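Structure, as structure tokens:
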Amino acid sequence: MNTCCTVPIKEIAADQHKEGGECCLIEQTPAPALATCPVSKTSSRKINRRTLEHLLKPDSVKKIQNVQYYYCNEPSCDVVYFSHQGPSYFIKEDLTVKIFHKDNGDNVNVCYCFDWTRGRIEEQIRSTGQSTASEEIAQQVKDQKCICDITNPKGRCCLGDINRVIKEVKQQQKL
Ligand SMILES: [Zn+2]
């Protein structure tokens, strides 16, 4: 960490912080929880930098800037990550994985930790009438084997999406 950032915030506020200008204040000001996608205008949640580092292709990882990023979940929008602090953003093609919210394909992951694709869930329901995905993932979460924060493009747990897909598939198959 920059030495200037060890200066107590009170001293910075008192203008005793000369070198480095406002960097410390910016760093210590929490970014808003939500920001608006510049393309689709979708209200989007904050995403951790390490999710981007894990999921972007190597050439794109190099383009990550020292800004807060947000995840756009609008299906029709090509933008995946953007920042409200500058013109830095990443589109679907910049990621190594297909994005559940933006791709309806059967080979797209719903759960990225334990490889539950739409197709796998459909197949299980077709042959057994049920899916064990939700229970199995919940057990793994309980056992702390889930790393959704870096494997899932939205940086969060997949269980809501899993339950939605199971419900949709059952409706389609009229179960
Ligand atoms: Zn968008």
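Points to keep in mind about this one:
- Among the residues of the range 60-74, none is identified as in contact with a Ser or Thr (Cβ under 6 Å, 6 or more places away or on another chain) and surrounded by fewer than 12 Cβ atoms within 10 Å (Cβ to Cβ).
- Here the helices (runs of 4 or more DSSP H) wholly within the range 21-132 that include at least 3 residues being more than 16 Å from the ligand (Cβ to nearest atom), under 30 Å from D143 (Cβ atoms) and not charged (D, E, K, R) are 49-55, 118-128.
- Per-region count, the range 34-59, residues out of contact with any Ser or Thr (no Cβ under 9 Å at 6 or more places or on another chain) and within 24 Å of N104 (Cα to Cα): 6
- Scanning the range 76-94 for residues that are farther than 20 Å from A33 by Cα, loosely packed, with under 13 Cβ neighbours inside 10 Å and of a type outside the set (D, E) yields a total of 1.
- Options Q85, Q124: the member that is of a type in the set (S, T, N, Q) and either at pLDDT below 95 or touching a strand residue (DSSP E or B) at 6+ places or on another chain (Cβ under 8 Å) (or both): Q85
- Exclusive hit being touching a Pro at 6+ places or on another chain (Cβ under 9 Å), farther than 21 Å from I147 by Cα and among the aliphatic types (A, V, I, L, M), set V79, V39, V67: V79
The values are calculated or read from the model by the stated rules, or taken from the named source; none is laboratory data. Note that the structure is predicted; figures quoted are calculated from it, not measured. With ideal geometry, Cβ positions are generated from the backbone for all residues, glycine too; neighbour counts draw on all protein chains shown.
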